[in-house]
Amino acid sequence: MASLTLSPAEHDFITRGVESGFRSDGRGSLDRREVTLRIGMISQANGSARCRVGNLGVGTDILVGIKSEVNPWSPSDGVPENSGTIVCNVDCSPSAAQEFEGRGAEELNVELTQLLDRIFNGPQSGIDLEKLCIIPKQAYWILHVDVLVLDVKGGIVDALVWATRAALMSTRLPRVVVESIPDEDGVMQAEFDVVDDPEDMTELVGVENMPMAVTFFQIGRRFVVDPSEQEEAVSQARMTVAVSPSMDICAMQKGGVLRGFSPALLSEIMQSAQNVAREEFERFKKLYSEARSQTLDRMDEPSTGSTFLVPF
């Protein structure tokens with residue numbers, strides 16, 4: 001993923017350091033950089049969040065917006081008759097990295113979109129998708145998760161999941177009123193009406209059960225979490241493990257493979273994923289609570305006009 005070119009001496013220094021248990025920025029192998037999380041960033045969206053991993057200008061920056069849409073049910077949709085669905089799309093901005101210019105990010109966009117869909121669309125997501133059904137075999141909610149990668153300085157996958165998780169937790173849907181109305185033949189038909197009231201919105205059910213992703217990068221004979229841009233440039237393989245709050249592994253995806261993981265290393269990664277995820281859930285909970293408080297404080301401030309994007 002990283003296009004950074006390093007000299008053989010730099011490559012050797014980073015590899016030997018990781019194998020010896022230290023990193024150039026002083027972090028441990030399983031330590032993440034500073035995370036900044038904000039929600040309610042896009043005023044027109046049903047839910048939105050922005051996550052930066054690392055410091056301003058030298059970190060990975062992700063913006064996520066979620067828009068809801070009522071869709072008529074059809075068997076060809078591939079959506080269960082009593083469920084709704086989540087549709088993910090990832091777009092890497094050409095300004096995020098030099099290699100993204102032109103069509104350079106197409107393959108990465110597809111890979112990241114598939115990863116998000118694997119984590120957040122289905123029973124493994126923890127979200128009760130049946131609650132997105134309005135009337136079985138008639139209408140359901142689609143949640144469009146649109147992700148924009150603003151800057152990349154290593155560790156894009158986990159930042160992507162952090163931002164998407166926060167955006168889904170902040171999502172609010174309009175209340176829907178379902179009524180039975182007789183047609184011209186006297187047969188009762190179910191009809192629905194979406195209540196257009198910003199004060200009458202509902203949260204998604206089950207968002208507290210969403211998994212957290214931990215991505216491991218193999219460098220030499222060892223691995224690290226949340227690599228810097230330089231560390232990612234020398235990595236040989238990447239493994240993303242999604243872990244639920246109950247510490248069950250619910251999704252995995254391998255990428256950037258120049259070599260395979262040994263069975264012993266893979267077993268250690270699985271165990272480390274659960275240990276890291278346990279700490280990440282607590283860290284996310286704290287940061288999301290702070291972000292939510294800041295959003296409520298902004299709502300109490302007098303409005304100075306409509307703003308599309310909230311300052312970050």
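Against the chain, whose longest principal axis comes from its Cα atoms, helix 8-19 is set at around 70 degrees.
Could you work out how far helix 263-300 tilts from the main Cα principal axis of the chain, as a 0 to 90 degree angle to the nearest 10? In the chain, helix 263-300 runs at an angle near 50 degrees to the longest axis. Ordered from highest to lowest accessible area with the whole protein assembly present and a 1.4 Å probe, VAL145, VAL70 read as VAL70, VAL145. Sparse packing (at most 15 other Cβ atoms within 10 Å of the Cβ) combined with a DSSP loop state is found for the following GluC sites (Glu not before Pro) in segment 134-232: GLU184, GLU199. Karplus-derived 3J(HN,Hα) values for segment 59-64, using 6.51 cos²θ - 1.76 cosθ + 1.60 with θ = phi - 60°, are x, 9, 10, 10, 10, 10 Hz; glycine and proline are entered as x.
Given the options GLN218, GLN189, GLN294, state which has the largest fluctuation in a GNM of the chain using a 10 Å cut-off (strictly under) for Cα springs. Taking springs between Cα atoms under 10 Å, the residue moving most is GLN189. Heavy-atom surface analysis with a 1.4 Å probe gives the chain a carbon and sulfur content of 49 percent of its accessible area.
Computed with every protein chain present, the accessible area of ARG52 is close to 40 Å² [probe 1.4 Å]. Mean separation of Cα pairs under 8 Å and 6 or more residues apart, divided by the residue count, gives segment 9-309 a relative contact order of 20 percent.
Straight-distance candidates among the lysines for linking to LYS131, with alpha-carbon spacing under 21 Å and chain neighbours fewer than 8 residues away dropped: LYS67. Helix 156-169 and the longest principal axis of the Cα set of the chain meet at an angle near 30°.
For the chain, the per residue solvent-accessible surface stands at 49 Å², with DNA, RNA and ligands left out and a 1.4 Å probe. Rounded to the nearest 10 square angstrom, SER7 shows an accessible area of 50 square angstrom against a 1.4 Å probe. Taking the structure as given and computing percent of Cα pairs over 34 Å apart, which label from (1) 28; (2) 41; (3) 15 fits? Identified label for the calculated read-out: (1).
The values are calculated or read from the model by the stated rules, or taken from the named source; none is laboratory data. Since this is a predicted model, take the numbers as computed values, not measurements. Every residue, glycine among them, receives a Cβ derived from its backbone with ideal geometry; neighbour counts consider all protein chains shown. These area figures cover heavy atoms from the full protein model, side chains too; ligands, DNA and RNA do not enter into them. Shrake-Rupley method; radii C 1.70, N 1.55, O 1.52, S 1.80 Å.
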